[in-house]
Amino acid sequence: MTVGLIRPDVSDLVLRTYGRALHPELFEHHCGLILSNSRMKLDVRLNASGHVLMLQMGANSMTEVIVDHHASLPQRRIVDYRLRGCRTESAELPTGLRYDMSCQVERLHLDIFLRMDEELDQDRRRADLSARLPAVNRFLPGPLSLIRAEVGRESILVYAFHTFPEHCAIVKTQSLFEHGER
């Protein structure tokens, strides 16, 4: 499967969450990893738009994805957020799973963006998963994605950072999948 090397326009992206699994082949990806605890398994993948998080808890599943808003995906969603500014969403599913998501899009001046990109590049050494795509402009770095995760006994917390150099933008998300009482 070939992977597009250019990130889409950040203005065209949405964060969508589904209360079920989506077929993994719907999403081209660069790399991935599996995180798990005694109750949950989370398949984390980086793609050209950002990431795909596919959670499995027993017979129940959930998927969070950052995609182009024109992507042909199912209509029944828990979250459907056009990436702009800041947003926080929470959902409690009948399965006992609690999902909390926070998303922020920062558009920066070029010199600040380049400094932030440098800092994120240095953070790659401590990241659980990262990918630097080839640059499409010789004056800008290639798009960067990195994932940091914390796996607890009853929860998995994922921090994701995705840079969009052509738009001097950084998308930051925090996704918490938690089972049981708070």
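Where a number appears in this text, it was derived from the coordinates with a stated rule and is not lab data. Values in this document were obtained by computation on a predicted structure and should not be read as measured data. Positions of Cβ are backbone-derived with ideal geometry, glycine not excepted, and every protein chain shown enters the neighbour counts.
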Between (i) -0.58; (ii) -0.37; (iii) -0.44, the structure-derived log10 I(q)/I(0) by the Debye sum over Cα atoms at q = 0.10 Å⁻¹ is (ii)
Sticking with the crude label model, points 7 Å out along Cα→Cβ, report the distance from GLU28 to GLU166 in nm, one decimal please. 1.3
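Of the chymotrypsin sites (Phe, Trp or Tyr not before Pro) in segment 72-157, which ones lie in a loop per DSSP and count no more than 11 other C-beta atoms within 10 Å? Spell out each step's value before the answer.
On the way: sites: TYR81, TYR99, PHE113, PHE139; in loops: PHE139.
Sites meeting the loop and neighbour criteria: PHE139.
So what is the relative contact order of segment 133-182, in percent, for Cα pairs below 8 Å that sit 6 or more residues apart?
On the way: 82 pairs, mean separation 14.3, N = 50.
Relative CO of segment 133-182 lands at 29 percent.
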So how many Å³ per residue does the convex hull of the Cα atoms of segment 57-96 work out to? 94
Residue-wise, which Karplus ³J(HN,Hα) couplings in Hz belong to segment 163-177, taking 6.51 cos²θ - 1.76 cosθ + 1.60, θ = phi - 60°, and x for glycine or proline? 9, 10, x, 5, 10, 6, 10, 10, 9, 10, 10, 9, 10, 10, 10
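Could you give the length gained on full extension between ARG82 and SER36, defined as 0.36 nm per residue of separation minus the Cα-Cα distance, in nm?
Working: separation 46, 0.36 × 46 = 16.56 nm, distance 2.90 nm.
Taking 0.36 nm per residue and subtracting the Cα distance, the gain is 13.7 nm.
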Using alpha carbons only, how many degrees (0 to 90, rounded to 10) separate the axis of helix 110-123 from the longest principal axis of the chain? 50
